[in-house]
1. Suppose only helical runs count, i.e. DSSP H with n ≥ 4. What mean residue ellipticity at 222 nm does that imply for the chain under -39500 (n - 2.57) per run, divided by all residues and rounded to the nearest 500 deg cm²/dmol?
2. Top mean-square fluctuation among Ser38, Ser29, Ser184, Gaussian network model of the chain, C-alpha springs under 10 Å?
3. From the backbone phi of segment 151-159, what are the Karplus-calculated ³J(HN,Hα) couplings (6.51 cos²θ - 1.76 cosθ + 1.60, θ = phi - 60°) in whole Hz, Gly and Pro given as x?
4. Under a 10 Å cutoff between Cα atoms, tell me which one of Leu159, Leu86, Leu72 has the largest fluctuation in the Gaussian network model of the chain.
5. Quick check: convex hull over the Cα atoms of the chain, volume per residue in Å³, rounded to an integer?
6. Would you list Ile212, Ile43 from fewest to most Cβ contacts within 10 Å?
7. I need the Kirkwood Rh of segment 96-185: take the reciprocal of the average 1/r across all distinct C-alpha pairs and report it in angstrom.
8. Just want the ordering: Met1, Met152, from fewest to most Cβ atoms lying within 10 Å of their own Cβ.
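Just so it is clear, none of the values below were taken in a lab; they were calculated from the coordinates. Note that this is a predicted model, so its numbers are computed, not measured. Cβ coordinates were reconstructed from backbone atoms using ideal geometry, including for glycine residues, and neighbour counts include every protein chain displayed.
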Amino acid sequence: MLILGIESATARVGCAIGGHEGIIASAHSSRGRRHAESLAPQIQFVCEQAGVSLSSIGAVAVDIGPGLFTGLRVGVTTALATATALRVPMIGVTSLDLLAFPVALSGRRIMAVVDARRGEVFHASYRAVPGGVQRETEPAVGTPDELRSAIMAEGEEVLLVGDGALQYRDQWENLSGTEVADESHAFPSAATLVGLAHARALREDFVRPDQIRPLYLRRPDAEAKWETPS
């Protein structure tokens, strides 16, 4: 089965195609907030690079967040439309899971941290298990200072990964046993999305398109600004 993965929850947007033979083609770009303009050409590009037609796709995987509202909405909407048109099932994976999985061999507790803007971050905690990672805490949103306090209270060695960890690097620099992963792990990867989705596809762990629920965690910026007293 070929899986199309769509990832757009953060400042980077990307897609990939793969299956039992691994990743066949992928593309990512960071062009400000132009996710809507980038995603459709990327899907066409990876299909061409993989040498397959979109009709060959057997499932669509999508990053369901948490993440930036506009980008997340673009990715989920595109994935839903594609899966519905192709009449194929879907798999949803959180952006935090996608950040944590590639650093599973770090040997430390993992904290996936996504920049949520407005001085906040989305985050969740993970531990390595055979074959991957296991999420210990539910995705949450809070200030970097609140997350710092939580890490200090746990007193464990921690690897922080994601653009939120990099954005607020000064918050973690003086924490004993704490390390920040480099820029190569700043954003969720569409290739990782396809890899995780393929493992779930083998278990037939699918959902229908109408069962996909974006994980927003808070209201969009525009709505919050509208309600702020002048």
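1. Using -39500 (n - 2.57) per qualifying helix, the result is -10000 deg cm²/dmol.
2. Comparing Ser38, Ser29, Ser184 in the GNM, the peak value goes to Ser184.
3. Residue by residue, segment 151-159 yields 5, 4, 5, 6, x, 10, 6, 9, 9 Hz.
4. Maximum fluctuation in the GNM of the chain, among the listed residues, is at Leu86.
5. Looking at the chain, the number lands at 128 Å³ per residue.
6. Placing the least packed residue first, the sequence is Ile212, Ile43.
7. 12.7 Å
8. Going from least to most buried by this count: Met152, Met1.
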